[in-house]
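No lab work stands behind these numbers, since they all come straight from the coordinates. Note that the structure is a prediction, hence the values are computed from the model and not measured. With ideal geometry, Cβ positions are generated from the backbone for all residues, glycine too; neighbour counts draw on all protein chains shown.
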Amino acid sequence: MRKSLLLLLLWPALSVAQDPTPPPAAPSTGAGQTDAGVTTKVVPAPSPTRPNAVPLEEIQRYVSVYRAIKDAYVDPITDQTLMRAALRGLLADLDPHSAYLEKSAAENFNEQATGTYVGVGVELEMRADHNLTVVSPIDGSPAAKAGIRGGDIISAIDGKPITATDVDTASSALRGPPGTTVKLTLLREGDKAPREVSLVREDIRLVSVTSRMLEPGYGYLRISSFQSDTGSATAKSIATLRQQSGGQLRGLVLDLRSNPGGLLDAAVESADAVIDDGVIVSTRGRLANSNVVYRAKRGDALGGAPMIVLIDGGTASAAEVLAGALHDRKRAVLMGSRTFGKGSIQSVVSLPNGDAVKLTTGRYFTPSGESIQAHGIVPDIALHGANTRGLREQDLPGHLPGGEEDDDGFALGEVLGGDAPIAAALAQLKKKTVAAVEKP
């Protein structure tokens, strides 16, 4: 009975043990985690707190089920196994991004957040059938080099079906010593049969920002993910491009295609570099410190030069924060295809035993007050690319509801690869048809 009570009391304790004081609106680059594009923040392990009362009948029901399994399951099962299964179940039915992470999964999660880890370099989400959907491969990774693309479905790893109940545990099978091989069974839209792809694991070192001059006066900035140094790297890259252009750019192409997201603070810093003032993003949740408005400081590193932002079905989470801010502040024109629609924030609670709880604690909203959750951002100028079934937040089982979901089942997301979208964006800049920058 004691174990049963501890289990049922754990969740209320977690939910109320947060610091009720809201943090300052200015973004901090020192905290946060990334996982498959999840915008997260880290909170300390909860201290003992008087929980809300749990109805006695719910405790009795849990104990009855626990005893039935313990006494009658076909094979003997330990209390530890049952309790861990129950803990995972507490999080599994909430939404696709909440999960109970055992120590090894938590360590992998934290390792990936640093921007350096061993694996194949792919961002994933879990489907209802436990298969994994590729949100996007990481630039330059083994997955990208092998031609894996957003929307591909991984149905087996090393010939074994995926049985894990959350994406963090499932993706741990892709980890291993550098130089070792892992075989993926892939399903791709339009293929008549699965394909087998063998990848060699290697050290994945994320370089989140790259830049170059496209033509005299016109720069290109690629942000592939949002890590702790992405904001400062964005500002430095813009300064370098301006220097290469003789002090002022005539226009900039910002490429957020297949950017799965990352740290919210990094997205805010990147937006602040080119937005002169006003709201960048706001977050809302049940806890006091989940309700924050992030505002831009005075100054525009581009000096008002026009921008076109490339987006597609693999643009998710923190990348959508940046795209939405630039669009709503009338700072850029969006070109490409509708984004993924991941508009929620996860907090990571580290537990004393090394395990962790990854929990959805809020939604974020663009400066105009619109939620991106389960809807995404629609571009101003549409481009068409490879159709990929199910590459949307609203197609994930148990997703948080959104206000403007399309009631069309598993629709086709579009992934835009190659250099053609870059050329189209440059042509648009050169035509000078980009909307004039206006102060809201």
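With a cut-off of 8 Å between alpha carbons and a minimum separation of six or more residues, what is the relative contact order of the stretch 209-430 in percent? Working shown, then result.
Details: 551 pairs, mean separation 40.1, N = 222.
Relative contact order of the stretch 209-430: 18 percent.
Between Ser104 and Gln248, the FRET efficiency from the beta-carbon distance, with R0 = 35 Å, is close to 0.10. If I model a spin label at Ser64 and Ser198 as a point 7 Å from the Cα along the Cα→Cβ vector, what separation in nanometres do I get? It is 5.5 nm. Look at the alpha carbon pairs under 8 Å that are at least 6 residues apart: their mean separation over the length of the stretch 266-315 gives a relative contact order of 36 percent. Counting only aspartates and glutamates at least 8 places from Lys431 when in the same chain, those with an alpha carbon closer than 18 Å to its own are Glu215, Asp380.
Residues whose amide H comes within less than 5 Å of that of Phe226, counting only those at least five positions distant or on another chain, are Gly261, Gly262, Leu263 (H built at 1.01 Å from N in the peptide plane).
Roughly speaking, what is the stretch gain from Ala427 to Arg84, that is 0.36 nm per residue apart minus the C-alpha to C-alpha distance, in nm to one decimal? Provide the component values of the computation, followed by the final result.
On the way: separation 343, 0.36 × 343 = 123.48 nm, distance 5.58 nm.
Length gained between Ala427 and Arg84: 117.9 nm.
Within straight-line reach of Lys297, meaning a Cα separation under 18 Å, sit the following aspartates and glutamates at least 8 residues removed in sequence or on another chain: Asp265, Glu269, Asp272, Asp276, Asp277, Asp328, Glu438. The separation of the stretch 104-150 from the stretch 290-368, counted between C-alpha centres, amounts to 20 Å. Database remark: amide H of Arg295 closer than 5 angstrom to the amide H of Ile280 (H placed geometrically; neighbours at sequence offset of 5 or more, or on other chains; Pro and chain starts carry no H).
Across the stretch 55-60, coupling constants 3J(HN,Hα) worked out from phi with the 6.51/-1.76/1.60 Karplus curve, θ = phi - 60°, read x, 4, 5, 6, 5, 5 Hz, and Gly and Pro carry x.
Between the amide H of Ser98 and those of Thr360, distances stay under 5 Å, these residues lying 5 or more places away or on another chain, with hydrogens modeled in the peptide plane.
Multiplying the residue separation of His384 and Arg298 by 0.36 nm and subtracting their alpha-carbon distance yields 27.3 nm.
Between Asn291 and Asn52, what FRET efficiency follows from the Cβ-Cβ distance if R0 is 25 Å, with the result rounded to 0.05?
Working: r = 21 Å, r/R0 = 0.83.
Once rounded, the FRET efficiency stands at 0.75.
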